[in-house]
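Here the structure comes first, spelled out in C-alpha cells, and everything after it is commentary.
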Amino acid sequence: MAGVPDTLKGRHFTRVADWSPAELHLALDLADELKVERRRRKELRLLPGRTVGLIFRKPSTRTRISSEVGIAELGGMALYVPAADLPLARGESTRDTALVLSRFLSAILIRTFDQAEVDEYAEHAAIPIVNGLTDAAHPLQALADAMTIRERFGSLEGVRVAYLGDGNNVCHSLMRIAARTGMSLVAACPDVYRPDEAIVASCIDDARASGGAIEVIADPHEAVSGAQVLYTDVWTSMGQEEEHERRLRELEPYRLDAAKLALADDDAVALHCLPAHVGDEITAEVLYGDRSLVWDQAENRLHVYKAVLALTVR
Ligand code: CP
Ligand code: NVA
C-alpha cells in the first residue's frame, strides 16, 4: 500500500461538504486500498498509541461497531462514551468538554441529534471531529454509499441514483456526495418530507461544477425509471418515534419493492443504509435479493471510517 497523504491531517468531517471532491476521492481511494489489505489480512498500524472517543446520544450497530473494530485494526484504542455519562447534562459546556477531550484523545466521533452540537465540538476541539450521524447529516454513510456505488459501476460520474422516501439526514448526505462527485440523483419524497431546501439548492450548485445533477420530485415511479441505484432509508428516524403511524401511511407509495426495481435499469442495484424495517420502506424480496448491495454497503462503513481516521488523525 502507498503511504497515506498528510493533506487532510487535523481536518474535521462534520458534513460531506467539509471536503472537496478531490478530498472525498482521496478517502474513497484509501478505503478501497484498506479493504484490499484487510482481505489479505495485512496489519496496518496507522494509529499506534492513539485513543479515539466515540460519543453517542443515539443507539447504533454499524457506526459503533465499525468504529471500534476499525480503530483496533489500525492499532489504536476506541473509547465508547455514552453522552449521558458526561457532565454536559450537569452544566459543563460543550466547549470545555471539547477542550479537555482534545488533551486526552486523538479524534472524536459524535452521534447526536443537533448538528449544532457537532459543529460546536469542531469549533473548539484541537483534534478531528467526525460526525457519526445527526438529524441533518450522515457523512460517513454517504462515503460508504459512494464507495459501494463506485465498486459496482467503476466510477461515480454520471451514475443515476434514485432516493425514495424521507428527505432526511441520509438523503442530505447522499445528495451532497452525489453533487460533489458527478452523480445524477433524483430524490422522490412527499411534499411534507422533502429534504431541507437550502441543502438542495446548494447541492444543485455543487452538481453544476461536477457535471452531476440533483432534483427533488414527488413521483417515485418517475424517479426510479432508468435509475442504476435505488436507495431508501427508514421512514421514521431516531427521535421521530411519535410520528411513526403517520409516516407509515404517508410514505407507503415510496416503498422500494420489486415493481420499482423492474422500472429501473437492467443492471440496477438496491441500497439501504440500515437498519431496515422490512415490509415498510423496503421489501424482503429486494433487501435479500440478488440486486441488493446492502451488505457490501454495510461492510464499507468499516473501510471508509478507517480511511477518514488514517487521513485526519495526527
Ligand atoms: N447506518 C447506520 O448508521 O447504522 P447504525 O445506526 O446502526 O450505526
Ligand atoms: N435516518 C436514520 C438513519 C439511521 C442510520 C436515522 O436517523 O435514524
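Each value in this text was obtained by applying a stated rule to the coordinates, not by laboratory testing. This is a predicted model, so every value here is computed, not measured. All Cβ positions, even for glycine, are placed from backbone atoms using ideal geometry, and neighbour counts span all protein chains on display.
Among the residues in the stretch 26-44, are any within 16 Å of ligand 2 (Cβ to nearest atom), touching a residue at least 40 places away in the same chain (Cβ under 8 Å), aliphatic (A, V, I, L, M) and buried (at least 19 other Cβ atoms within 10 Å of the Cβ)? No. Residues that are touching a strand residue (DSSP E or B) at 6+ places or on another chain (Cβ under 8 Å) number at least 2 in the following helices (runs of 4 or more DSSP H) confined to the stretch 1-115: 62-73, 94-104.
Out of the residues in the stretch 155-183 that are of a type in the set (Lys, Arg) and either over 19 Å from Asp219 (Cα atoms) or in a helix (DSSP H, G or I) (or both), which is nearest to the chain's Cα centre (by Cα)? Working first, answer last.
Residues of the stretch 155-183 of a type in the set (Lys, Arg): 160, 176, 180.
Next, from what is left, pick out any that are either over 19 Å from Asp219 (Cα atoms) or in a helix (DSSP H, G or I) (or both): 176, 180.
Working: Arg176: 10, Arg180: 14 Å.
Across the stretch 155-183, the extreme among qualifying residues is Arg176.
Looking across the stretch 90-124, the residues that are surrounded by fewer than 20 Cβ atoms within 10 Å (Cβ to Cβ) and basic (Lys, Arg) come down to Arg90, Arg95, Arg103. For the stretch 235-254, the set of residues classified as out of contact with any Asp or Glu (no Cβ under 6 Å at 6 or more places or on another chain) and either within 18 Å of Leu174 (Cα to Cα) or within 16 Å of ligand 1 (Cβ to nearest atom) (or both) consists of Thr236, Ser237, Met238, Gly239, Gln240, Glu241, Tyr254, listed by residue number.
Residue count for the stretch 195-251, restricted to those that are assigned to a loop (DSSP other than H, G, I, E, B), among the hydrophobic types (A, V, I, L, M, F, W, C) and in contact with a helix residue (DSSP H, G or I) (Cβ under 9 Å, 6 or more places away or on another chain): 4.
Residues checked against (1) more than 17 Å from the chain's Cα centre (by Cα); (2) within 16 Å of ligand 2 (Cβ to nearest atom):
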| site | (1), (2) |
| --- | --- |
| Ala264 | yes, no |
| Asp267 | yes, no |
| Val286 | yes, no |
| Ser292 | yes, no |
| Trp295 | no, yes |
| Leu309 | no, no |
| Val313 | yes, no |
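Only a single criterion out of (1) within 15 Å of ligand 1 (Cβ to nearest atom); (2) out of contact with any helix residue (DSSP H, G or I) (no Cβ under 8 Å at 6 or more places or on another chain); (3) within 24 Å of Asn300 (Cα to Cα) is not satisfied by Pro82, namely (3). Only one of the listed residues (Val229, Val286) is within 15 Å of Leu185 (Cβ to Cβ) and surrounded by 14 or more Cβ atoms within 10 Å (Cβ to Cβ). That residue is Val229.
Hey, can you tell me all the residues within the stretch 99-111 that are more than 18 Å from Val234 (Cβ to Cβ) and within 15 Å of ligand 2 (Cβ to nearest atom)? Matches in the stretch 99-111: Leu109, Ile110. The residues in the stretch 255-279 that are assigned to a loop (DSSP other than H, G, I, E, B), among the small types (Gly, Ala, Ser) and farther than 22 Å from Met175 by Cα can be counted, and the count is 1. Of all residues in the stretch 126-146, those satisfying the criterion of being within 11 Å of ligand 1 (Cβ to nearest atom) and in a loop (DSSP other than H, G, I, E, B) are Gly132, Leu133, His138.
Is it the case that the stretch 199-219 has a residue that's of a type in the set (Gly, Ala, Ser) and closer than 18 Å to Val269 by Cβ? No, every residue in the stretch 199-219 fails to be of a type in the set (Gly, Ala, Ser) and closer than 18 Å to Val269 by Cβ. So for the stretch 35-50 (the condition being more than 14 Å from Thr312 (Cβ to Cβ) and touching a Ser or Thr at 6+ places or on another chain (Cβ under 9 Å)), does at least one residue qualify? Taking every residue of the stretch 35-50 in turn, at least one turns out to be more than 14 Å from Thr312 (Cβ to Cβ) and touching a Ser or Thr at 6+ places or on another chain (Cβ under 9 Å).
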